[in-house]
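As structure tokens, the structure follows; a few thoughts come after it.
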Amino acid sequence: MHEVDEHSAGRLSESRKLLIEQRVTNEKPSVGVAYLLCVFLGMFGAHRLYLGEKGTGIIMLLLGVTLIGLFVTVFWALIDLFLIPSIMRRRIEETRQRLTIEALA
């Protein structure tokens, strides 16, 4: 994906910028849902799938169906409790970049 520099983003009108921020707000995943999924289904990667981390979510799902893998994914999910905010920030910034590129096109 292309990076949007400040000069390019500055070409957008204020109303267009507000519309982009509204869409970012509407499209972002819920932090509460992500934490609930992590607590109750984290060993199966449900929270990562919800947050758009498909690759690691599928790995956790595949590991979670085996006894040894389940042991690994439980610890992985515990660590993810601390990583959810950074995953959310990255997802929001990716959405903002995508919408800005679409608006500039």
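The values are calculated or read from the model by the stated rules, or taken from the named source; none is laboratory data. Here the structure is a predicted model, which means the values were calculated and not measured. Here the Cβ positions follow ideal geometry from the backbone for every residue, glycine too, while neighbour counts run over all protein chains shown.
Condition first: farther than 26 Å from GLU102 by Cα, at pLDDT 95 or above and crowded, with 18+ Cβ neighbours inside 10 Å. Can you find one or more residues in the stretch 21-31 that meet it?
The answer is no, given that none of the residues of the stretch 21-31 is farther than 26 Å from GLU102 by Cα, at pLDDT 95 or above and crowded, with 18+ Cβ neighbours inside 10 Å.
Among the numbered criteria (1) among the aliphatic types (A, V, I, L, M); (2) surrounded by 15 or more Cβ atoms within 10 Å (Cβ to Cβ); (3) in a helix (DSSP H, G or I), which one does LEU12 miss?
Result: LEU12 fails condition (3) only.
Tell me whether the stretch 57-72 contains one or more residues that are within 23 Å of SER30 (Cβ to Cβ) and exposed (fewer than 13 other Cβ atoms within 10 Å of the Cβ).
Checking the stretch 57-72: not a single residue is within 23 Å of SER30 (Cβ to Cβ) and exposed (fewer than 13 other Cβ atoms within 10 Å of the Cβ).
Between residues in the stretch 22-47 that are in contact (Cβ under 8 Å) with a residue 24 or more places away in the chain and residues that are among the small types (Gly, Ala, Ser), which pairs lie under 6 Å by C-beta distance while being six or more apart or on different chains?
CYS38/ALA77; GLY42/ALA77; MET43/GLY64; MET43/ALA77; PHE44/GLY64; GLY45/GLY57; HIS47/ALA34
Would you tally the residues in the stretch 42-60 being closer than 24 Å to THR95 by Cβ and in a helix (DSSP H, G or I)?
Here the count works out to 13.
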